[in-house]
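Here's the structure we're looking at; comments come further down.
What follows draws every value from the coordinates through simple rules; no lab data is involved. Keep in mind that this is a model prediction, so the values were computed, not measured. Cβ: placed from backbone, ideal geometry, glycine included. Neighbour counts: every protein chain shown.
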Amino acid sequence: MQHAWAEIEHDIRYKSASTIPLEISRRFMTLAGLLEIADREFQAIQEQDTLLRETAVTKIQAGKFAEVEITPDALRSYLGMTLGYDDRISEFTYELETRLLKTLGFDNLQQVHECVNGLDDNYLSRTLWGTRSGQVSRFDLMLLAAMGEFFIQNHIWKVYEDFCDVLKTQLAGLREKGVTIGSYRPQKKEPV
């Protein structure tokens with residue numbers, strides 16, 4: 001904002017400072033005030049974002065999952081704490097996973113925790129794939145086992161038939177191996 005202001009003011013005001021009409025000069029001063037307010041707001045937003053991220057991590061570490069909104073950073077922290085950290089996972093993957101959770105109806109990490117708590121991610125992965133897969137793949141497998149068909153029917157990629165067929169095959173594979181498939185549905189928050 002400050003750079004844009006400096007360019008405009010230099011081009012118009014300082015090149016002809018003695019010839020600028022009073023009305024234009026007043027408008028420049030009004031705009032300067034607005035830009036200062038915008039600059040302060042951008043700084044305040046940045047500071048609040050940093051504080052919210054730090055607070056979310058603290059709440060996750062304390063097990064206060066109901067107080068944590070699902071965001072990519074919060075999900076990364078939660079999955080790191082519960083499934084182990086995986087530095088191979090990109091920020092985009094956590095953004096996509098956050099979108100998936102919200103599409104499935106999750107509002108906070110408590111709901112996520114209730115959904116997957118008690119499921120053994122390593123067991124599910126080794127049972128289905130014969131190996132321990134990556135963090136997010138294991139998490140998705142936990143969601144599939146906990147939610148069953150609902151996970152497939154409401155997935156963000158449900159329009160892709162081949163993708164849904166893969167999930168259906170995975171679900172059938174878990175059933176064949178004796179894994180109990182749940183029917184978890186996130187409870188909607190009551191409007192205040």
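Would you confirm, using the coordinates I've provided, whether Ser137 is out of contact with any Asp or Glu (no Cβ under 8 Å at 6 or more places or on another chain), closer than 26 Å to Gly63 by Cβ and surrounded by fewer than 19 Cβ atoms within 10 Å (Cβ to Cβ)?
Yes: the conditions hold for Ser137.
Residue pairs, Cβ under 6 Å, 6 or more apart or interchain, first in segment 74-90 and in contact (Cβ under 8 Å) with a residue 60 or more places away in the chain, second buried (at least 16 other Cβ atoms within 10 Å of the Cβ) and not polar (S, T, N, Q). List them.
From segment 74-90, the pairs are Leu79/Phe139.
Scan segment 135-180 for residues that are in a loop (DSSP other than H, G, I, E, B) and either under 16 Å from Asn122 (Cα atoms) or in contact with a strand residue (DSSP E or B) (Cβ under 6 Å, 6 or more places away or on another chain) (or both) and jot them down.
Across segment 135-180, the qualifying residues are Lys177, Gly178, Val179, Thr180.
Would it be correct to say that Lys59 is touching a residue at least 24 places away in the same chain (Cβ under 8 Å) and either under 20 Å from Arg185 (Cα atoms) or crowded, with 16+ Cβ neighbours inside 10 Å (or both)?
Considered against the rule, which asks whether it is touching a residue at least 24 places away in the same chain (Cβ under 8 Å) and either under 20 Å from Arg185 (Cα atoms) or crowded, with 16+ Cβ neighbours inside 10 Å (or both), Lys59 comes out as no.
Just to be sure before I move on: is Cys115 touching a helix residue (DSSP H, G or I) at 6+ places or on another chain (Cβ under 8 Å), part of a helix (DSSP H, G or I) and touching a residue at least 60 places away in the same chain (Cβ under 8 Å) in the structure I sent?
yes
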